[in-house]
Amino acid sequence: MSDHEQQQPPRRGKILEALARAERKVFTRPTPKSANAQVKFLLTRMTGSAKSLAEHVGTSTRTFERYRAGKLKKPQKRLRAALGEATESEWQPQVRAQARAQASTSRGLSVDVTAYFGFTCTGSSDDGRERQITMDISPFYVKQILALQEAGATDEELHPVVAEAITESYFTEWGTRADGLRADFTSVSKIDFRF
């Protein structure tokens, strides 16, 4: 199978992608930009052979080695994106770990979401509708969200935790109103996190 025929790895969901974008915003130095620099960086950071790294980014070992040697310079869009994503996932792990630790212990995480919110409650409640909400999530929920992300959870597995975090802080105001309210969100149009 040639490089052109290989499938692109599955894309992350909106919540996982938003978490990755938030982590990239805490970087203190820019990531390597050229394919040669990215390949060299990945070989030093990630465990495994050039063959396993090539498979990870969706290319052949020979092509991977040619980028490493500088014989190839401009990857196609699919490979460029895979190299960039792999590089960013390994870039400045201590900076990311520090931001994650602060968010899950003291600072929390800010979320900006536009989605359809539906409600379940004992008594009456507004009908579900699309809302744009910007608010802070408590460290208690941030810890759960980040633990699920590290465990390899899917977007569908993260939805209930994020919905519960939003319900707790936005809709019930930390238990001071709307006792028993549960909000679920679907059809996420946009979501962004900020450490």
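Tell me, yes or no, whether the range 84-100 has at least one residue that is within 30 Å of Phe185 (Cα to Cα), out of contact with any Phe, Trp or Tyr (no Cβ under 8 Å at 6 or more places or on another chain) and loosely packed, with under 14 Cβ neighbours inside 10 Å. Yes: one or more hits. Checking the stated criteria, Thr63 turns out to be over 30 Å from Ile137 (Cβ atoms), touching a Pro at 6+ places or on another chain (Cβ under 9 Å), touching a residue at least 60 places away in the same chain (Cβ under 8 Å) and surrounded by 15 or more Cβ atoms within 10 Å (Cβ to Cβ).
Check whether at least one residue in the range 104-112 is open to solvent by less than 50 Å² (accessible area, probe 1.4 Å), in a helix (DSSP H, G or I) and modelled with pLDDT of 90 or more, and report yes or no. Looking through the range 104-112, at least one residue is open to solvent by less than 50 Å² (accessible area, probe 1.4 Å), in a helix (DSSP H, G or I) and modelled with pLDDT of 90 or more. For the range 130-162, the tally of residues that are within 17 Å of Tyr116 (Cβ to Cβ), in a helix (DSSP H, G or I), open to solvent by less than 40 Å² (accessible area, probe 1.4 Å) and of a type outside the set (Val, Ile, Thr) stands at 2. Just one of the numbered conditions (1) open to solvent by less than 50 Å² (accessible area, probe 1.4 Å); (2) without any contact (Cβ under 8 Å) to a residue 24 or more places away in the chain is not true of Ala165: (2). The residue that is surrounded by the most Cβ atoms within 10 Å (Cβ to Cβ), among those in the range 1-46 that are aliphatic (A, V, I, L, M) and modelled with pLDDT under 85, is Met46.
The values are calculated or read from the model by the stated rules, or taken from the named source; none is laboratory data. Since the structure is predicted, the reported quantities are computational estimates derived from the model, not experimental observations. Note that each Cβ is placed from the backbone with ideal geometry, even for glycine, and that neighbours are counted across all protein chains shown. For the accessible areas, the whole protein counts, side chains as well, though only heavy atoms, and no ligand, DNA or RNA atoms are used. Shrake-Rupley method; radii C 1.70, N 1.55, O 1.52, S 1.80 Å.
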